[in-house]
Each structure stands twice: as C-alpha cells, then as structure tokens.
Amino acid sequence: MKFQRQGIGSRLMDRAEEVILERTDVAGIGVGVFSDYGKAQVLYAHRGYIPDGHGVHKHDHYIQPGEETIMDDDVVLYLTKKLKATQ
C-alpha cells in the first residue's frame with residue numbers, strides 16, 4: 001500500500017506496451033475476477049483494456065455455460081487493448 005497511487009504500475013505498463021508494440025498492435029492481460037483484484041481491474045479499464053469477449057478462463061480453457069468449476073484465483077478475465085504507435 002505504501003507504493004500505491006504513485007504511477008509505478010502505469011509506468012511499467014507503458015514500457016510493457018512499448019515492447020509489445022514492437023511485435024504486435026494488440027496487448028493482452030489476465031486479471032482475477034474477485035474484489036482483491038479491483039485496483040488492477042480499474043487500472044486496466046482506465047488504460048483502455050476491454051474484455052476479450054470469451055468470458056472467464058481457468059487453467060487451459062474458457063469456462064463454458066453450465067460448466068462447474070471452483071471459483072478461485074485461477075479464474076481470470078482476459079482483457080485486450082489495440083495499441084497505437086504514438087504511445
């Protein structure tokens with residue numbers, strides 16, 4: 001908590017997006033679905049990341065309608081962002 005709200009995460013993401021842009025124009029990231037990940041979820045949304053449209057993912061596949069699973073920290077939502085060369 002001592003280092004939160006100082007822009008460190010945003011600077012790290014700026015650099016990561018620069019490196020990603022050298023190879024592709026789409027960045028992706030997974031984030032947990034629980035409130036413990038709320039600050040990360042908000043940061044990614046503010047940076048323009050949106051859900052990839054495939055729902056929630058666990059281990060090696062997207063969870064299908066009616067499929068049972070244990071909701072734990074392995075359940076993530078993947079987000080993507082179209083990068084611009086002017087970043």
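Yes/no per residue for (1) under 14 Å from residue 78 (Cα atoms); (2) part of a strand (DSSP E or B); (3) not β-branched (Val, Ile, Thr):
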position: 20; (1), (2), (3): no, no, no
position: 23; (1), (2), (3): no, no, yes
position: 27; (1), (2), (3): yes, yes, yes
position: 36; (1), (2), (3): no, no, yes
position: 39; (1), (2), (3): no, no, yes
position: 44; (1), (2), (3): yes, no, yes
position: 52; (1), (2), (3): yes, yes, yes
position: 57; (1), (2), (3): yes, yes, yes
position: 64; (1), (2), (3): no, no, yes
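Among the residues of region 18-72, those identified as closer than 15 Å to residue 83 by Cα and among the acidic types (Asp, Glu) are 18, 22, 25, 52. For region 31-61, enumerate the residues that are loosely packed, with under 14 Cβ neighbours inside 10 Å and among the aromatic types (Phe, Trp, Tyr). Residue satisfying the conditions is 34 alone. For region 1-60, what are the residues that are among the hydroxyl-bearing types (Ser, Thr, Tyr) and at pLDDT below 95? Answer for region 1-60, where residues must be among the hydroxyl-bearing types (Ser, Thr, Tyr) and at pLDDT below 95: just 10. Taken together, 28, 9 contain a single residue that is touching a residue at least 12 places away in the same chain (Cβ under 8 Å), touching a strand residue (DSSP E or B) at 6+ places or on another chain (Cβ under 8 Å) and either loosely packed, with under 13 Cβ neighbours inside 10 Å or small (Gly, Ala, Ser) (or both), which is 28.
Go through the residues of region 72-87 one by one and say whether even a single one is crowded, with 16+ Cβ neighbours inside 10 Å, outside any strand (DSSP E or B) and at pLDDT 95 or above. Yes, that holds for at least one residue.
The values are calculated or read from the model by the stated rules, or taken from the named source; none is laboratory data. Just so it is clear, the structure is predicted and the values come from calculations on it, not from any experiment. Cβ atoms come from the backbone with ideal geometry, glycine included; neighbour counts cover every protein chain shown.
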